[in-house]
C-alpha cells in the first residue's frame, strides 16, 4: 500500500517538470492531494546546476522563459549553473510548488488501475504520472575497439569541471555538438595538443541562435517518437553557430575537424588507414540518453527500444506522459510539453474543461 495518494505525480523539476507543475496549479490541482513534484536533486536548477562552472550565460545556446515568469537581466559573464538555479528556485517559491527533494524514484508500476511511484523511503499512488527526468543522469559512452586498453584518462562532458585535468596533455575531443566546440576552445590554450573528431562533418550557421532555429531542431526529432523509434537528442540535430569565437578557433586550427577514428590503443587513437594520434585524455562529448529505467515495470518500450508517443502521451499507457523526452528535451519544447501533458491529464481524470489552457 502506498504511503501517499495524489492525483498526479511529476517526476523531475527541470524546465519540463516545472512547466507541468505550473499548469497543474493553474488547472486547479491542490498541493499534495492534487499533485506532487519529486526531484532527485538537492536543490533547484534541473540539469543546469551540474553544468561546468566556466559555462557562462553568454555562451548558453538558448534558454526559454518558464511559463509565467520571464528570464531576464542575466549577466552574460555569470556561471549558467548559478543563474538558472536561482531562476528555477525563484519560480518554485513564487508558485508554491509542492516539491519533495531529494527523492530518487526507483520504479513506476501498475497498481490496480493506478500508478505506484516508489522511492527508497516513500511511495505515492497516482492516477497519472508526468515524467520529466530528462537525460543528464544517463551520459552516452559509445564503444570503439580497444577502448578498455587506453592507459590515459577518459571522461564525459557530464564529468567536466574545468581545464585542470587537461593541462599539458594531448587531448582528443569526440563529438559534434555545441558542448564539444565550447570545451575544445576552453581546453586548447592549456593542453599540449587537441584533436577534434566527429562522426559527421559539422554544419555551421552564420546567424545567431534564435527561437525559430530551436523549433526547427525540435521538429526533426518529433517524427521519431511518433513512430516509436529512439529519438536523437534535440542538441544533436541543432546546427552549430559560427560565432566570432568559433571563427577564431578555426583560424587557430583548434576546430580542424577530423573523421571518427577506427579504434583505440593504450596511448593513441587510430584511423582505418593506420594514422595514429597520440593521446593522454579522451573527452567524450557524445551526449545523453533519456533517463527512463524506472519506467521499466510498465513495459512501454517498443521492440527497437523507443517509446511510441502521441504528443506527450505514451500510446501504450495513457496514464503516463513524457515531457523532456524527444522533441521536448530542450528548453524550446519543454514549456509546450508541460502544458500539453496537463491538458491530457485533465481529460484523463474527469474531462473537465480548463479555460486557462484553452
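Nothing in this text is a laboratory measurement; each read-out follows from the coordinates by a stated rule. Bear in mind the structure is a predicted one, so any value in this text is a computation, not a measurement. Positions of Cβ are backbone-derived with ideal geometry, glycine not excepted, and every protein chain shown enters the neighbour counts.
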Alpha carbon centroid spacing (whole Å) that separates segment 151-182 from segment 78-120: 30
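Under the 0.36 nm per residue contour assumption, what length would be gained going from the current alpha-carbon distance of residue 350 and residue 161 to full extension? Walk me through the numbers before you get to the answer.
Numbers: separation 189, 0.36 × 189 = 68.04 nm, distance 4.76 nm.
Result for the pair: 63.3 nm of gain on full extension.
Round to the nearest 0.05 the FRET efficiency obtained for residue 120 and residue 242 when R0 = 41 Å and r is the Cβ-Cβ distance. Intermediate results must be reported in sequence, preceding the final value.
Values: r = 47 Å, r/R0 = 1.15.
Result of the calculation: an efficiency of 0.30.
For residue 86 and residue 107, compute 0.36 nm times the residue count separating them, minus their Cα-Cα distance, and round to one decimal in nm. Mind showing how you got there, number by number?
Working: separation 21, 0.36 × 21 = 7.56 nm, distance 2.96 nm.
This chain segment gains 4.6 nm when fully extended.
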Estimated FRET transfer efficiency (residue 151, residue 42; beta-carbon r; R0 35 Å; 0.05): 0.45
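Grab the Cα-Cα distance for residue 272 and residue 4, subtract it from 0.36 nm times how many residues apart they are, and report the gain in nm with one decimal. Intermediate results must be reported in sequence, preceding the final value.
Numbers: separation 268, 0.36 × 268 = 96.48 nm, distance 5.78 nm.
Roughly 90.7 nm would be gained on extension.
Which order do 75, 118 fall in if you start with the one that has the fewest other Cβ atoms within 10 Å?
Details: 75 11, 118 19.
Ascending Cβ contact count within 10 Å gives the list 75, 118.
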Förster radius 22 Å - calculated FRET efficiency between residue 203 and residue 256, Cβ distance, rounded to 0.05: 0.85
Fewest-first sequence of 317, 159 by Cβ atoms within 10 Å of each Cβ: 159, 317
Residue order, fewest to most beta carbons within 10 Å, for 124, 204: 204, 124
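For segment 231-310, what does the alpha-carbon gyration tensor say about shape, rounded, prolate or oblate, given a ≥ b ≥ c as the root eigenvalues, a/c under 1.5 as rounded, and a/b over b/c as prolate? Walk me through the numbers on the way to the answer.
On the way: a/c = 3.08, a/b = 1.63, b/c = 1.89.
Judged from the Cα gyration tensor, segment 231-310 comes out oblate (a/c at least 1.5, b/c at or above a/b).
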Where only C-alpha atoms are counted, convex hull volume of segment 1-130 per residue in Å³: 103
Point-to-point label distance, residue 96-residue 316, nm (Cα→Cβ direction, 7 Å offset): 4.0
Per residue, the convex hull volume that the Cα atoms of segment 66-159 enclose (Å³): 197
